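Okay, structure first, notes after.
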Ligand code: MG
Ligand code: ZN
């Protein structure tokens, strides 16, 4: 019985992976570089997206796919910041899957975009296990969550390409042992590119934005 159950899960995952590959092909055909942004609820995914869209206005055309259990609040924020956005309501599902992204891609003017940012459902457990077809995974950590999160959610920290540490303006007011945090990250994901930022004050955003622009440029003209 156990082996049958495992086989079913593997089939679902491989069906997802195939659709993720199709999503990737659509993005590559249109020349759109895509990021999958993951975090716990409240870490500041939408704030980072807002700042990115606003500050790169006139330089990059950005599309946003917002994944949430319910509401279109985040898609409205992304639109207000200047992005073309699509809201996916997962109806209780705690992570995005490739078919949801495929449906959202169909509603976006991909040929008119340079960058696509997918905001995954706020959750540090399973989103990293589901391929969407995006090019890189970005994890947004935040200071008020506490420094122990790499140790408690190794699957998430282990699998990401880029780490953004948001709300650094709160460091003087909360207990957050940055060395302990960094040691945990280093064990799971040695040398991962990290951007300490505050979306509220703007601190550190220049380095993040430069990375985004460089990544889009490198994607366009592979060396
Ligand atoms: Mg959000
Ligand atoms: Zn999930």
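Laboratory data are not the source of any read-out in this text; all were calculated from the coordinates shown. All values derive from a computational prediction rather than experimental measurement. Glycine also receives a Cβ, built like all others from the backbone with ideal geometry; neighbour counts cover every protein chain displayed.
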The range 176-223 shape via C-alpha gyration tensor axes, a/c threshold 1.5
oblate
So, for the Cα atoms of the chain, Rg and Dmax in Å stand at 17.2, 57
Return the calculated 222 nm mean residue ellipticity for the chain, to the nearest 500 deg cm²/dmol, obtained by summing -39500 (n - 2.57) across DSSP H runs with n ≥ 4 and dividing by the residue count.
-13000 deg cm²/dmol
Given 25 °C and 0.890 mPa s, compute D for the range 52-106 with the Stokes-Einstein relation, Rh being the Kirkwood radius over Cα pairs; round to the nearest whole µm²/s.
209
Tell me the relative contact order for the chain as a rounded percent, counting alpha carbon contacts under 8 Å between residues six or more apart.
23
Most exposed to least, judged by fewest other Cβ atoms within 10 Å, 53, 86 sort to 86, 53
Based on other C-beta atoms within 10 Å, arrange 45, 4, 182, 167 from fewest to most.
4, 182, 167, 45
Can you figure out the FRET efficiency of residue 89 with residue 179, using R₀ = 30 Å and their beta-carbon distance, to the nearest 0.05?
0.15
Label the range 1-75 by shape, choosing from rounded, prolate and oblate, from the square roots a ≥ b ≥ c of the eigenvalues of the Cα gyration tensor; if a/c is under 1.5 it is rounded, and otherwise prolate applies when a/b is larger than b/c, oblate when it is not.
oblate
Need one word for the range 116-209: rounded, prolate or oblate. Basis is the Cα gyration tensor (sqrt eigenvalues a ≥ b ≥ c); a/c below 1.5 gives rounded, then a/b vs b/c decides.
oblate
The range 1-96: relative contact order in percent, alpha carbon pairs under 8 Å with at least 6 residues between:
20
For residue 210 and residue 29, what is the calculated FRET efficiency with R₀ set at 30 Å and r taken between the beta-carbons, to the nearest 0.05?
0.65
Quick check: pseudo-label points 7 Å beyond the Cα along Cα→Cβ at residue 218 and residue 7, how many nm apart are they?
4.3
The relative contact order of the range 134-223, taking Cα pairs under 8 Å that sit 6 or more residues apart, comes to a percentage of 29
Label points 7 Å out from Cα along the Cβ direction at residue 14 and residue 112: separation in nm?
4.0
Distance between the C-alpha centers of the range 94-170 and the range 1-40? Whole Å please.
14
Taking the Cβ of each residue in 95, 135 as the centre, tally the other Cβ atoms inside 10 Å and list the residues starting with the fewest.
135, 95
Report Rg (one decimal) and Dmax (nearest whole number) for the range 33-140, counting Cα atoms only, units Å.
12.4, 36
